[in-house]
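*Asks:* One structure follows; several queries about it will come next.
The values are calculated or read from the model by the stated rules, or taken from the named source; none is laboratory data. Bear in mind that the values here come from a model prediction, so they are computed numbers and not experimental data. Methodologically, a virtual Cβ is constructed for each residue, glycine included, from the backbone with ideal geometry; neighbour enumeration extends over all protein chains shown.
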Amino acid sequence: MNLDSLTQSNGEWLRGSGPEADIVISSRIRLARNLSSFPFSSRASTHQKAEIEQMLKDRLVKLEAESRLDYLPLPALTALDRQLLVERQLISRELANADGPRGVAVANQETVSVMVNEEDHLRLQAMRSGFALDEAWTDIDRLDDLLEERINYAFSEEFGYLTACPTNVGTGMRSSVMLHLPALVLTKQIEKVFRALQKINLAVRGLYGEGSRASGDFYQISNQVTLGKSEATILTEIREVIPQIISYERQARSTLTRESRQALHDRVNRAIGTLRSATMMTSEETMDLLSSVRLGVNMGLLEDTISIPTVNELFLQTQPAHLQKLMGASLDGEERNSARARYLRNRLREAGPNLN
């Protein structure tokens with residue numbers, strides 16, 4: 001896999017298509033699995049981790065899956081390339097920053113990735129654009145079955161799949177949906193939604209998972225409990241609550257249109273104006289401004305000819321690693337802020353005549 005070529009596409013999670021794609025960015029299902037004959041990654045020696053990696057790599061690249069998996073050994077990659085994979089949601093920050101033998105197998109369309117030697121020996125992930133949990137589950141279930149035919153998982157008849165963290169024991173499954181909720185933020189209803197989700201044991205995290213902030217009004221909603229619940233139950237819990245949140249966001253957008261249309265229109269136009277004229281731009285500021293632009297496009301408030309796929313692309317390509325790849329150079333913070341502003345001006349100029 002040519003990592004440089006990844007900067008020319010959005011990948012699956014920001015493709016901007018699929019059901020409810022104006023609000024639901026992507027759907028993801030992750031399975032935690034471990035090999036029965038080795039200690040968990042936190043207890044494994046470097047030699048054991050190397051054995052685990054070699055065994056899993058051999059099986060992953062030979063897997064007769066619908067999409068061929070390319071294996072990337074992470075110690076052989078630069079820090080910039082590892083960060084690129086994090087920004088594309090293909091690996092975790094923890095795996096990127098860890099030491100020792102580890103890697104990731106990635107399908108060509110980036111709908112599937114498999115992390116090796118993260119917190120667990122295996123972290124299988126399937127991702128689909130939009131609200132498409134069932135399709136993601138079909139992908140991951142098929143991959144899991146193929147792997148289980150070739151390796152022995154750590155499994156207990158009493159508890160289910162055994163994992164390094166007790167919260168993952170059972171199915172080892174995390175089902176999550178990434179949502180763009182700017183109207184709930186603007187109407188100050190987002191905390192009320194969070195409290196309701198916590199009461200039913202659903203977690204709310206930022207753009208890059210646990211411990212990350214909600215840049216650009218992106219929020220991940222996922223299950224917290226796996227023990228004692230079947231995969232079907234976990235999927236149903238998420239599948240039933242997401243339409244309610246979508247409905248709340250749509251109501252909030254209607255409220256803004258009805259009660260604060262002029263202020264909202266001003267906010268959206270100020271955002272696009274700043275993006276096409278600033279000479280310095282941080283990553284965080286870019287995410288917040290693009291969030292307003294994305295809302296404006298979806299609500300028909302922008303006469304400028306810019307599409308949602310273009311906005312989604314800018315979310316990704318202005319992230320630090322993607323930006324440096326596009327610039328072809330390693331940049332410090334101030335250089336990145338300058339290059340980011342220049343890149344945004346150029347891209348928005350290309351997007352349409354009204355954006356000059």
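*Asks:* Please specify each residue of the range 126-148 satisfying the condition of being farther than 19 Å from GLU237 by Cα and outside any helix (DSSP H, G or I).
*Replies:* SER129 - this is the single residue of the range 126-148 that is farther than 19 Å from GLU237 by Cα and outside any helix (DSSP H, G or I).
*Asks:* Pick from the range 168-198 the residues that are in a helix (DSSP H, G or I) and touching a residue at least 60 places away in the same chain (Cβ under 8 Å): which of them is farthest from GLU249 (Cα to Cα)?
*Replies:* Filtering the range 168-198 for residues that are in a helix (DSSP H, G or I) and touching a residue at least 60 places away in the same chain (Cβ under 8 Å), the one farthest from GLU249 (Cα to Cα) comes out as ASN168.
*Asks:* Taking helices (runs of 4 or more DSSP H) that do not extend beyond the range 245-354, which have at least 3 residues that are out of contact with any Lys or Arg (no Cβ under 7 Å at 6 or more places or on another chain) and more than 25 Å from ILE190 (Cα to Cα)?
*Replies:* 308-317, 320-327, 333-351
*Asks:* For residues in the range 87-126 being touching a helix residue (DSSP H, G or I) at 6+ places or on another chain (Cβ under 6 Å) and of a type in the set (Lys, Arg), which is nearest to ALA44 (Cα to Cα)?
*Replies:* Looking at the filtered set, the residue picked out is ARG102.
*Asks:* Has the range 213-231 got at least one residue that is modelled with pLDDT of 85 or more, assigned to a helix (DSSP H, G or I) and under 22 Å from ASP141 (Cα atoms)?
*Replies:* Yes, that holds for at least one residue.
*Asks:* Which residue, of ARG340, ARG258, ARG250, ARG336, is over 24 Å from the mean Cα position of the chain (by Cα) and either modelled with pLDDT of 95 or more or more than 26 Å from GLN220 (Cα to Cα) (or both)?
*Replies:* ARG258
*Asks:* Given (1) over 30 Å from MET327 (Cβ atoms); (2) without any contact (Cβ under 8 Å) to a residue 40 or more places away in the chain; (3) β-branched (Val, Ile, Thr), where does ILE23 come up short, assuming only one miss?
*Replies:* That leaves (2) as the condition not met.
*Asks:* Residues of the range 47-63 being within 15 Å of VAL114 (Cβ to Cβ) and of a type in the set (A, V, I, L, M), which ones?
*Replies:* Those that are within 15 Å of VAL114 (Cβ to Cβ) and of a type in the set (A, V, I, L, M): ILE52, MET55, LEU56, LEU60, VAL61, LEU63.
*Asks:* Sticking with this structure for a sec: For the structure I just gave you, tell me whether THR138 is touching a helix residue (DSSP H, G or I) at 6+ places or on another chain (Cβ under 7 Å), of a type in the set (S, T, N, Q) and over 29 Å from PRO75 (Cα atoms).
*Replies:* Here the answer is no, as THR138 does not meet what is asked.
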